[in-house]
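The values are calculated or read from the model by the stated rules, or taken from the named source; none is laboratory data. Here the structure is a predicted model, which is why all the values come from computation and not from measurement. Methodologically, a virtual Cβ is constructed for each residue, glycine included, from the backbone with ideal geometry; neighbour enumeration extends over all protein chains shown.
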Amino acid sequence: MTRTKLGLLGLCTVVFGAMAISAIGAQAATYKWLILNSSKTTATELKAPLTAKLESTHLTLEGEVAGLNIAITCTALTLNNMNLELNGKLTDGGKIVLTGCKVYKKAPLGEEYKCTVKTSGAATGTVETNELKGELELVGSVLLTKIEPKAGLTGNFATLRFEGAECVLPELNQLHGVLYLKDSNPTVHELEHLVTEDVASTALYIGGHSTTQLNVTDFLGNALISLTGAHSGLHWAAQDTP
């Protein structure tokens, strides 16, 4: 074998060896939800139901519909069948429900459109997502929670309905894309975790996937997430568990 071929073989060996080491390292860094027991002595990975409340006065979704700026502002947030699951996931099929929603031309609480907002089958002022899925994801050096439609890219978060005799907005509008949430202290065991949208990673769209992306201030506001049911009052966090 020539020296050139030996050199190439050695280079390939180094490259593939480095790739293998990187792959092992990536597999080892697996984040999971861990819940402390009442005495805070043992952390276990359990399925546990979540509850949420707004920490801010409102939660606002800003975007554009038919060339018009909109700000859907809601006053309350609840979670439906949203649980911490094994391996750093959230329940497949969980939903987010926003109530007290109104449609403004800009945030915060600017001039109102003569429109009501809701999702199909919901009461006026209620926006309930379709079935969602979620999981912990390390984006660069930041640990985030990724939330997207259960159906993936072929699905959508919700179909927003704007109604009213004098409403100038299109009646049906699909909300597509992926939402990333940032925890103020994701790896610190706390009763409540303060979460906001991570604007750098989130990519939400009203209409088709090729239409105007929502503004970088997609969601204005934040929420406090805690455990409920049998796990109420327990501290929880995301932890790197090799």
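What the table shows:
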{"quantity": "Which numbered condition residue 205 misses (of (1) modelled with pLDDT under 95; (2) crowded, with 19+ Cβ neighbours inside 10 Å; (3) not in a strand (DSSP E or B))", "calculated": "(3)"}
{"quantity": "Extreme residue, surrounded by the most Cβ atoms within 10 Å (Cβ to Cβ), among residues of the range 87-133 that are polar (S, T, N, Q) and in a loop (DSSP other than H, G, I, E, B)", "calculated": "129"}
{"quantity": "Positions within the range 52-74 being on the phi > 0 side of the Ramachandran plot and hydrophobic (A, V, I, L, M, F, W, C), in sequence order", "calculated": "66"}
{"quantity": "Residue identified as at pLDDT below 95, surrounded by fewer than 18 Cβ atoms within 10 Å (Cβ to Cβ) and either closer than 30 Å to residue 114 by Cα or out of contact with any Ser or Thr (no Cβ under 8 Å at 6 or more places or on another chain) (or both) among 214, 153", "calculated": "153"}
{"quantity": "2 or more residues of a type in the set (Val, Ile, Thr): qualifying strands (runs of 3 or more DSSP E) within the range 153-200", "calculated": "192-197"}
{"quantity": "Failed criterion for residue 170 (all others in (1) buried (at least 20 other Cβ atoms within 10 Å of the Cβ); (2) over 22 Å from residue 85 (Cβ atoms); (3) touching a residue at least 60 places away in the same chain (Cβ under 8 Å) hold)", "calculated": "(1)"}
{"quantity": "Unique residue being hydrophobic (A, V, I, L, M, F, W, C), under 20 Å from residue 203 (Cβ atoms), at pLDDT 95 or above and part of a strand (DSSP E or B) when the list is 136, 84", "calculated": "136"}
{"quantity": "Options 51, 57: the member that is of a type in the set (Val, Ile, Thr) and either in contact with a Pro (Cβ under 7 Å, 6 or more places away or on another chain) or not in a strand (DSSP E or B) (or both)", "calculated": "57"}
{"quantity": "Members of the range 60-74 that are out of contact with any Leu (no Cβ under 6 Å at 6 or more places or on another chain) and not in a loop (DSSP other than H, G, I, E, B)", "calculated": "61, 62, 64, 68, 69, 70, 71, 73"}
{"quantity": "Residue satisfying condition, being polar (S, T, N, Q) and without any contact (Cβ under 8 Å) to a residue 24 or more places away in the chain, within set 141, 120", "calculated": "141"}
